[in-house]
Structures are given as structure tokens and as C-alpha cells.
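The values are calculated or read from the model by the stated rules, or taken from the named source; none is laboratory data. Just so it is clear, the model here is predicted, and its values are computed rather than measured. With ideal geometry, Cβ positions are generated from the backbone for all residues, glycine too; neighbour counts draw on all protein chains shown. The protein model used for the area step is the full one, side chains on, heavy atoms only, and it has no ligands, DNA or RNA in it. Shrake-Rupley method; radii C 1.70, N 1.55, O 1.52, S 1.80 Å.
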Amino acid sequence: DLAFKVKNIYHEHFPEHKIKNISSTHLTNLTSVTTKPPVFETKGKLEKQKTNREEWWDWYFNYCSKSQQLKEGWQFEDNGQKVPDLEFFTRRRSIEKVLNGDYHPEKQGATR
């Protein structure tokens, strides 16, 4: 099943993150993203991401793992440190932000 494969790929790239069971939210996110894949501009043209393939998820988590912010998370005064989890990474909005480079230093990184 794709959800379990995605979870394993995620943990290969983020071994320091806690291992959680696959939640209903994660399954909902994954189903949404695979049935209506995000569109991303590459080489001047819009392309649908092939998010129903293991290879895409491996590429995606590898790209995410290059971001210090996504590896370490965010520090909040009132709530302490928040580290992104599998549910965060499978949300459509998170995927779009990652694909736009919002969390990578060359794009100055998103604050949240």
C-alpha cells in the first residue's frame, strides 16, 4: 500500500523524527494529493506531480531533507519546538510550499 511505502521513505530521509503510526489525517492528505496532484512549474511549463509513485516521494523527501528548517522545525516561545511530521509533509499546502522552495536557504526560507 502506498501509505506504508511513503511512511518508510519518509523515515529513510528523516530518521531523527519520531516514528508514528499512519493516522487517518495522513491517509486523507495522501489520498487528496495522489488523486489531485499539485501542479508545479518546471523549466517554464506547468507539470502535474506524479505523486502516486514511490520514486516521486523519494525525490520529495530527499529534497525536504536538504532543508535545515524542515529537519529541525520551529522554536516557539509558548509551545517549545515543533518538528514537522509525516502529516505536515503530506499536506497539499506543505507540498506546494516545499516545491516552491519556501523552506530552503536559497529562497530565504519560510518562517512558518
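This table checks each residue for (1) closer than 18 Å to LYS97 by Cβ; (2) open to solvent by less than 100 Å² (accessible area, probe 1.4 Å); (3) in contact with a Phe, Trp or Tyr (Cβ under 9 Å, 6 or more places away or on another chain).
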| position | (1), (2), (3) |
| --- | --- |
| ALA3 | no, yes, no |
| PHE14 | yes, yes, yes |
| LYS18 | no, no, no |
| THR34 | no, yes, no |
I'm checking my understanding of the structure. Among residues of region 64-83 that are within 14 Å of the chain's Cα centre (by Cα) and within 18 Å of ASN29 (Cβ to Cβ), which one is modelled with the lowest pLDDT? VAL83
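Could you list, in sequence order, all residues of region 1-26 that are among the hydrophobic types (A, V, I, L, M, F, W, C) and not in a helix (DSSP H, G or I)? Don't jump to the end; show me each part of the working.
Just the residues of region 1-26 that are among the hydrophobic types (A, V, I, L, M, F, W, C), to begin with: 2-4, 6, 9, 14, 19, 22.
The answer is PHE14, ILE19, ILE22.
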Complete set of residues in region 44-101 that are of a type in the set (S, T, N, Q), outside any helix (DSSP H, G or I) and surrounded by 12 or more Cβ atoms within 10 Å (Cβ to Cβ): GLN49, THR51, ASN52, SER67, ASN100
Contact list, first residue from region 29-51 and without any contact (Cβ under 8 Å) to a residue 12 or more places away in the chain, second anywhere and loosely packed, with under 10 Cβ neighbours inside 10 Å, beta-carbon distance below 7 Å, six or more apart or interchain, is VAL39/LEU46
Looking at (1) out of contact with any Pro (no Cβ under 8 Å at 6 or more places or on another chain); (2) assigned to a helix (DSSP H, G or I), which one does PHE40 not meet, given that it meets all the others? (2)
